[in-house]
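Just below is one structure, and these are the notes that go with it.
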Amino acid sequence: MSDRIYHLSDFDFELPPELVALRPAKERSASRLLHIDGARLDDLQFGALPALLNAGDVLVFNDTRVVNSRVFGNKRTGGRVELMLERIVAPDEAWMQLRASHPPKVGAHVDLPGGATAAVLAREGRFFHLRIAADMPFDAYLDRYGEVPLPPYIARPADAADRERYQTVYARDPGAVAAPTAGLHFDLPLLARLEAKGVALAYLTLHVGAGTFQPVDSEDLTQHRMHRERFSVPAATVAAIERARVAGGKVVAVGTTSLRALESSVTQDGRLEPEATETALFITPGYRFRVVDRLLTNFHLPHSTLLMLVSAFAGYDTIRAAYAHAIRERYRFFSYGDAMLLERGC
């Protein structure tokens with residue numbers, strides 16, 4: 001393991017803007033897949049995934065469901081406000097990110113669609129604690145009046161198609177404000193093919209928060225603090241992983257959220273146990289992985305914590321070479337883009 005100290009600038013790269021995927025592939029499993037195994041790079045279609053797995057392996061999915069968590073309002077003093085849910089803490093209270101030319105102060109009110117209002121109770125950095133006055137609980141209000149929370153790099157309004165495609169086919173536990181995007185490539189026929197081959201499918205839940213888009217501001221990575229996200233790893237998933245280990249199979253995390261939840265559920269003596277808590281795990285090169293053998297994920301933004309995570313998993317130089325290859329070969333990047341299957345490098 002290298003003793004190199006990494007900095008924020010080590011995770012920069014130039015991406016042609018036309019490679020940012022603004023729409024998903026026509027069919028979920030029609031995206032491309034770059035298999036990365038050290039210096040070996042194989043250009044494949046996502047539908048080839050079953051051929052890369054073996055009976056006895058286990059795929060671990062994040063079954064969080066994206067809520068319509070973006071809503072727009074107006075300050076009573078004038079000016080438009082964009083609100084993005086972080087988490088609901090009571091039927092009429094939530095922590096939200098708030099964007100405005102002049103953010104409202106504690107005690108101010110924001111008028112929302114449908115005659116609702118939001119009172120500012122407190123502020124912590126980018127996040128505002130709001131009390132919502134509406135004629136229904138806030139989760140129901142968002143379902144009716146909220147918009148699909150497309151990431152900021154998808155520079156278009158959300159439409160009806162996004163309500164389906166910015167959601168995995170197995171999503172069931174509402175709470176995320178961003179999709180676990182590695183899972184967007186799976187459709188029901190592909191899941192059936194995997195099960196028919198003897199690959200186990202297991203599930204956990206990590207509710208992706210608005211802080212997932214929080215930039216890393218410091219060149220010194222030790223100064224960065226991750227946002228906390230709620231997760232649960234059920235006993236059935238732990239048992240599925242134990243069966244895979246006994247059978248000589250591999251643990252394949254579908255997405256960085258699944259990986260972070262699993263790695264956050266390991267006890268001090270190295271055992272994976274069922275867990276339901278929060279995680280702020282920040283993975284950078286040098287981290288020792290204890291659960292996950294292979295990682296299925298999309299291509300990530302420059303300077304992002306997710307780029308740091310995949311660099312830790314597959315190796316910094318491996319990821320640099322793979323991203324350069326993906327750009328040359330015109331892979332599509334980010335949430336609606338193509339996928340990578342990474343072999344663990346250490």
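The values are calculated or read from the model by the stated rules, or taken from the named source; none is laboratory data. Quick caveat: nothing in here was measured; it's all calculated off a predicted structure. A quick note on method: Cβ atoms are made from the backbone with ideal geometry, for glycine too, and the neighbour counts reach across all protein chains shown. The accessibility values were calculated without ligands, DNA or RNA, using every heavy atom of the protein model including side chains. Shrake-Rupley method; radii C 1.70, N 1.55, O 1.52, S 1.80 Å.
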Worksheet item: Given H placed 1.01 Å from N in the peptide plane, which residues other than close sequence neighbours of PHE299 have an amide H under 5 Å from its amide H?
Response: PHE334, ASP338
Worksheet item: Taking a probe of 1.4 angstrom, what is the accessible area of SER31 in Å², to the nearest 10?
Response: 10
Worksheet entry | Difference of contour (0.36 nm per residue) and Cα-Cα distance, ARG245 to TYR153 | 29.2 nm
Response to the item:
Given the candidates GLN97, VAL58, LEU33, the one whose Cα lies deepest towards the positive end of the charge dipole of segment 1-113, counting +1 at each Lys or Arg C-beta and -1 at each Asp or Glu C-beta, is GLN97
Worksheet entry | In sequence order, calculated HN-Hα J values of segment 49-56 (Karplus, 6.51, -1.76, 1.60; Hz; x Gly/Pro) | 3, x, 5, 8, 10, 10, 4, x
Fill in: the chain: calculated mean residue ellipticity at 222 nm from DSSP helix runs of at least 4, using -39500 (n - 2.57)
-5500 deg cm²/dmol
Discussion item. Could you report the accessible area of ASP159 in Å², rounded to 10, computed with a 1.4 Å probe on the protein chains as they sit in the structure?
Written reply: 50
Worksheet item: Leaving out same-chain residues fewer than 8 places away, which aspartates and glutamates sit with a Cα under 16 Å from that of LYS105?
Response: GLU82, GLU124
Response to the item:
Sorted largest first, the C-alpha extents of the chain along its principal axes in whole angstrom are 60, 45, 40
Practice prompt. With unit charges on the beta carbon (Lys/Arg positive, Asp/Glu negative), name the residue among VAL110, GLY183, HIS325 whose Cα is farthest towards the positive pole of the charge dipole of the chain.
Written response: VAL110
Discussion item. On a straight-distance basis, which aspartates and glutamates could pair with LYS75 in a cross-link, Cα separation under 17 angstrom, same-chain partners fewer than 8 positions away excluded?
Written reply: ASP111
Worksheet item: Which whole-Hz couplings ³J(HN,Hα) result when phi for each residue of segment 169-180 is put into the Karplus expression 6.51 cos²θ - 1.76 cosθ + 1.60, θ = phi - 60°, listed in order with x for Gly and Pro?
Response: 6, 10, 4, 8, 10, x, x, 8, 10, 8, 6, x
Worksheet item: How big is the charge dipole of the chain about its Cα centre, in debye rounded to the nearest 20, if each Lys and Arg gets +1 on its Cβ and each Asp and Glu gets -1 on its Cβ?
Response: 320
Worksheet entry | Dipole magnitude of segment 187-346 about its Cα centre (Cβ charges: Lys, Arg +1; Asp, Glu -1), debye to nearest 20 | 380
Fill in: Label-point separation, PHE72 to VAL89 (7 Å along Cα→Cβ), nm
2.8
Practice prompt. Give, as a single signed number, the net charge of other residues whose beta carbon lies under 13 Å from the beta carbon of PRO16, with Lys and Arg counted +1 and Asp and Glu -1.
Written response: 0
Fill in: Antiparallel DSSP beta bridges within the chain, percent to nearest 5
70
Worksheet item: Going by accessible area, probe 1.4 Å, with all protein chains left in place, what is the ranking of LYS250, LYS105, largest first?
Response: LYS105, LYS250
Worksheet entry | Stretchable slack from ARG163 to LEU52, in nm (0.36 nm times residue separation minus alpha-carbon distance) | 36.9 nm
Item to complete: Mind grabbing the accessible area of HIS102 for me, 1.4 Å probe, Å², rounded to tens?
Response: 130
Discussion item. Report the gain in length on full extension from ARG80 to ARG65: 0.36 nm times residue separation, minus Cα-Cα distance, nm rounded to one decimal.
Written reply: 2.6 nm
